[in-house]
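Q: Dropping a structure here in structure tokens format, bear with me for questions.
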Amino acid sequence: MQNNDVVLSVNNLVKDFPLGQSAKSNMMRAVNDVTFELRKGEALAIVGESGSGKSTGARILTRIYDKTAGDVTFKGEPLDKYIEKNGELEYARQVQMIFQDPFGSLNPVHTIYHHIARPLLIHQRAEKEAIPQLVYELLDMVGLSPVKETAEKFPHELSGGQRQRVAIARAIAVSPEVILADEPISMLDVSVRLGILNLMADLKDKHGISFMYITHDIATARYFAEKTAVMYVGHMVEWGDSDNVTQNPQHPYSKLLLSAVPEVGKAGRRDLEVKKGDIPMWKPSSVGCPFATRCPNATEVCSQEMPATTQISEQHFVRCHHI
Ligand SMILES: Nc1ncnc2c1ncn2[C@@H]1O[C@H](COP(=O)(O)OP(=O)(O)OP(=O)(O)O)[C@@H](O)[C@H]1O
Ligand SMILES: [Mg+2]
């Protein structure tokens, strides 16, 4: 469903990668039939284990990868059309990315000042004379003070959490509509993770930035994001309001993820006995439910047909044959 608040939407997105070097190689399907919306000032958490296609989805949105099939819409227009009209640079300004490793994403030979001033210059966000003041304001906004001293430092002189704050300042410098945050806290010390999540929540609530928050950790998804989509082997298996998905999980895989979280795992832990089956490599020709090999409830139909979507409540959907 589209409404005016939808900033970015993805419909039936598919991404295949070749398994070998030659053009005739077999393909693997990293993302299959993924559909979601990012609304203004709202966060969507994409939760799933390694290899579930989370980063591939984000890379398609930042145009690092081409999609195999499906549609991406930005501000109500097909993405290609939007870019044709407004240019790649403008889209890149509006859809920023934050990565897992804040050290790797900063250049060790440049100061913090340089990192934040650069996008302001590239995207012509201010007159040259106004840039220092803007850099200081941005550092203050992300909680890095004293601002002048911080600006003069190099990335190695900051802690991991401080470096991630610099990466966030750089992303918001250009007033983006959307931030794609790919596991932004997973490499940080546990003690500073909450501070970064709270900073992102502030940017979402006060500045109306929409977030796609990629994580392995369903507990932080619920803490930070209004919406949650659980992915397994490239498929969305359950999605909707984070409270619905995490408090009343329906899919056995969501229950499995929640069972690993002591605080919110009560609902998931009940009767959970997941088989030690292999995680399948999905191919364009694969059939059935991707979780069938590990699912305690699997029956014949699960290995033969992809489950249709069942609506559990207004904002709660699941793909499982046994709901
Ligand atoms: N450039 C590529 N070429 C070939 N295969 C790729 C490429 N990028 C990703 N894949 C494959 O696509 C699948 C999904 O990868 P992706 O990186 O999107 O997973 P992820 O959910 O982000 O995992 P993680 O939690 O480990 O970051 C994996 O099987 C991966 O090997
Ligand atoms: Mg990833």
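Q: Using the Cα atoms of the stretch 97-200 to build a convex hull, what is its mean projected area in square nanometres?
A: 6.1 nm²
Q: Same structure, new question: For the stretch 6-319, what is the accessible area per residue in Å² when the probe is 1.4 Å?
A: 47 Å²
Q: Also: Would you compute, from DSSP H runs of 4+ residues alone, the mean residue ellipticity of the chain at 222 nm, taking -39500 (n - 2.57) per run and dividing by the full residue count, rounded to the nearest 500?
A: -9500 deg cm²/dmol
Q: What are the aspartates and glutamates whose alpha-carbon lies under 15 Å from the alpha-carbon of Lys283, with same-chain residues fewer than 8 places away excluded?
A: The reachable aspartates and glutamates, counting only those whose Cα sits under 15 Å from Lys283, are Asp16, Asp33, Glu305.
Q: If packing is taken as the mean number of other Cβ atoms within 10 Å per residue, what is the order of 280-289, 57-66, highest first?
A: Result, highest mean first: 57-66, 280-289.
Q: Okay, next question. Give the residue from Ile179, Val14, Val230 lying farthest towards the positive end of the charge dipole for the stretch 6-319; charges sit on Cβ (+1 for Lys and Arg, -1 for Asp and Glu) and the dipole is referred to the Cα centre.
A: Checking the options against the dipole of the stretch 6-319, the answer is Val14.
Q: First measure r as the distance between the Cβ atoms of Val192 and Lys275, then evaluate 1/(1 + (r/R0)^6) with R0 = 25 Å and state the FRET efficiency to the nearest 0.05.
A: That pair, Val192 with Lys275, gives E of 0.10.
Q: Here is a further query. How many lysine pairs are close in the stretch 29-187, with Cα atoms under 23 Å apart and the two 8 or more places apart or on different chains?
A: Lysine pairs, 8 or more places apart or on different chains, close enough: 12.
Q: Over its Cα atoms, what ratio of radius of gyration to 2.2 N^0.38 Å does the chain give?
A: With N residues counted in the chain, Rg over 2.2 N^0.38 Å equals 1.04.
Q: Skipping prolines and chain starts, which residues have an amide H placed within reach, meaning under 5 Å, of the one on Gly104, given they are 5 or more residues away or on another chain?
A: For Gly104, whose amide H was placed from the backbone, there are no distant partners under 5 Å.
Q: For the stretch 1-86, divide the Cα radius of gyration by the Kirkwood radius and give the resulting Rg/Rh value with two decimals.
A: 1.01
Q: Report, by chain and number, residues whose modeled amide H sits under 5 Å from the one on Val7, excluding near sequence neighbours (fewer than 5 apart, same chain).
A: HN-HN under 5 Å from Val7: Leu38, Arg39, Lys40.
Q: Could you tell me which helices of the chain pass both thresholds, a Cα extent of 24 Å or more along their own axis and a mean Kyte-Doolittle hydropathy of at least -1.0, with helices taken as whole DSSP H runs?
A: Those that clear 24 Å and a mean of -1.0 are 190-207.
Q: Next question. When only C-alpha pairs under 8 Å and at least 6 residues apart count, what is the relative contact order of the stretch 6-319, in percent?
A: 21 percent
The values are calculated or read from the model by the stated rules, or taken from the named source; none is laboratory data. None of these values were measured; they are calculated from a predicted model. Glycine also receives a Cβ, built like all others from the backbone with ideal geometry; neighbour counts cover every protein chain displayed. Note: areas computed on protein heavy atoms with side chains; ligands, DNA, RNA excluded. Shrake-Rupley method; radii C 1.70, N 1.55, O 1.52, S 1.80 Å.
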